[in-house]
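Novice: Below are the structure tokens for one structure; questions will follow.
The values are calculated or read from the model by the stated rules, or taken from the named source; none is laboratory data. These figures come from a predicted structure and were not determined experimentally. Virtual Cβ from ideal backbone geometry, glycine too; neighbours counted across all protein chains shown.
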Amino acid sequence: MRVGIVSNDSEKSVALVKQFRETALQAGLTLDNKNPDVVVTVGGDGTLLSAFHRYAHLLNQVRFVGVHTGHLGFYTDWRDYEIEELVQSLVRDKGESVSYPLLDVSAIYQGRKEPAHFLALNESTIKRLDGTMVCDVYIKDEFFERFRGDGMCISTPTGSTGYNKSVGGAVIHPRINALQIAEIASINNRVFRTLSSPMIIPTDEWLTLRPVTSEGFVLTIDHLTSSEKNIVELSYRVAKERIHFARYRHTHFWNRVEAGFIGANKQNDL
């Protein structure tokens, strides 16, 4: 068993990584950040996102395990005081895993023959820097609407609890292979109309955005942000690749949602 470690730089995480390294070596595990079988992240969901993009080229062989040192995350199953139990689970590993859908993002630029491809674990957004974004929306290459507003958020099921939820999108169970598009502050009046509702796109369909203006955009892929010029088209679909988690224990998705968004408030209401 080759184990890689990715952590944030908080004092608590750094101390926990030291403890994990010592315990793992004593248990006979091999620490290998270049070609791991399992990647253990120490921090939070942001740390796991960073690890995902770092090992995106190894998704067919790598499984992820998250240890959270702050608030409970949607991708982190282990607490900071459970290092010995985690190491023993790694020692007894039998290949247990659960996989989640990813988002495939394809960008076509003026003057480039081949599109650029990206993978997102949570979501991708597209916004204009200096005014209203206007773009034509196609589903399976058929025109659907002309959007006007601040931007669009396209998310995976696991990402549906993030930015997507804050702009009015639905929370989707990760066993559903789909992507979701949610409008960000769309303009709707007697002249300009959009559906003004989130849409869930199945795995055998795809979404295409064709901006009317090709300049002045900000494109995000999870936590990564870039200013974009000369964008002709953006396409989104459920990726062929999936992320795999080494789940020696499994917290039910709706329990995660309840803990993340209701939790103590629900108890106080009883």
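Novice: Can you find, within region 94-126, the residue that is nearest to residue 153 (Cα to Cα) among those that are at pLDDT 95 or above and charged (D, E, K, R)?
Specialist: Among residues in region 94-126 that are at pLDDT 95 or above and charged (D, E, K, R), the one nearest to residue 153 (Cα to Cα) is 123.
Novice: Of all residues in region 53-71, which are touching a Ser or Thr at 6+ places or on another chain (Cβ under 9 Å) and over 20 Å from residue 18 (Cβ atoms)?
Specialist: Scanning region 53-71 gives 63, 64.
Novice: A further question follows. Of all the strands (runs of 3 or more DSSP E) wholly in region 1-107, which have at least 3 residues that are within 23 Å of residue 253 (Cα to Cα) and in contact (Cβ under 8 Å) with a residue 60 or more places away in the chain?
Specialist: Strands (runs of 3 or more DSSP E) meeting the threshold: 63-68.
Novice: Out of everything in region 224-240 that is under 18 Å from the mean Cα position of the chain (by Cα) and surrounded by fewer than 14 Cβ atoms within 10 Å (Cβ to Cβ), what residue ends up being modelled with the lowest pLDDT?
Specialist: In this case the residue turns out to be 226.
Novice: If you don't mind, another one. Before we move on, is residue 222 in contact with a helix residue (DSSP H, G or I) (Cβ under 9 Å, 6 or more places away or on another chain) and either in contact (Cβ under 8 Å) with a residue 12 or more places away in the chain or charged (D, E, K, R) (or both)?
Specialist: yes
Novice: At pLDDT below 95, among the aliphatic types (A, V, I, L, M), surrounded by 13 or more Cβ atoms within 10 Å (Cβ to Cβ) and out of contact with any Asp or Glu (no Cβ under 6 Å at 6 or more places or on another chain): does that describe residue 259?
Specialist: Criteria met by residue 259.
Novice: Just to check your reading of the model, which residue among 256, 190, 210, 175 is among the basic types (Lys, Arg), within 26 Å of residue 62 (Cβ to Cβ), in the same structural domain as residue 123 (by TED's automatic domain parsing) and out of contact with any Leu (no Cβ under 7 Å at 6 or more places or on another chain)?
Specialist: When all the criteria are applied, what remains is 175.
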